[in-house]
Amino acid sequence: MPENTTLQLSPAPSRCSLEMFTHHYGDVYEHSPWVAEAAWRKGLTEAHDAPNALAELMGLMLQQASSEQQIQVIQAHPDLAGKAALAGELTQDSTSEQAGAGLDQCSPEELARFEYLNETYKQQFGFPFVIAVKGLDRHAILAAFEERLGNDAVTERQTAIEQIIRIARFRLIDRATTLM
């Protein structure tokens, strides 16, 4: 991208009413529009019209939430290569992200491995495994799955929140337009 271009969200968050803002950005966090509402209530400036600045503010809202609210956001995420994906029941963003990582092209053995790891992980932590899949392939995701199963519950909740914040940043950047 040339130096004189910047990414901007449209509609500009700083110019949105609460209703308009949650309509356009409430789905950035999977089935959790309260994160967008909290960011709007915190106060949006023209700086938040840039996706990275808005991502920072929305991420802060999630980080400052109670552990119960954080767990609800984590639980709103689908299993990777899970039954919802196979049945076509994911949000448009999740479908695109999982397909981009090749999760829609898993072999039967890989699908069985994902199913086993999804269940093992949920039994261990009480919520689904979440990872920002952009830039990863299914092999890297499976390796991360195995590695993170060794985490304690507090570390894993924080890791999942960090990954969700990365997902939201990617989604906001994807929605932005380039302005000269």
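Miscellaneous remarks
- Relative contact order of the chain, defined on C-alpha pairs under 8 angstrom at six or more residues apart (%): 31
- Percent RCO, i.e. relative contact order, over segment 116-180, from Cα pairs under 8 Å lying at least 6 residues apart: 35
- Neighbour net charge for Thr155 - beta-carbon separation under 15 angstrom, K R +1, D E -1: -2
- In loop segments of segment 1-52 as defined by DSSP, the GluC sites (Glu not before Pro) with at most 11 further C-beta atoms inside 10 Å of their C-beta are Glu3.
- Stokes-Einstein translational diffusion, the chain - Kirkwood Rh over all Cα pairs, 1.567 mPa s, 4 °C, in µm²/s: 76
- Dipole moment magnitude, nearest 20 debye, the chain about Cα centre, only Lys, Arg, Asp, Glu C-beta charged: 340
- Computed from the alpha carbon atoms alone, the convex hull of segment 82-177 holds 93 Å³ per residue.
Every read-out reported here was derived from the displayed coordinates using simple, explicitly stated rules and does not represent laboratory data. Given the structure is predicted, the values throughout are model-derived calculations rather than measurements. Here the Cβ is made from the backbone with ideal geometry for all residues, glycine too, and neighbour counts use every protein chain on show.
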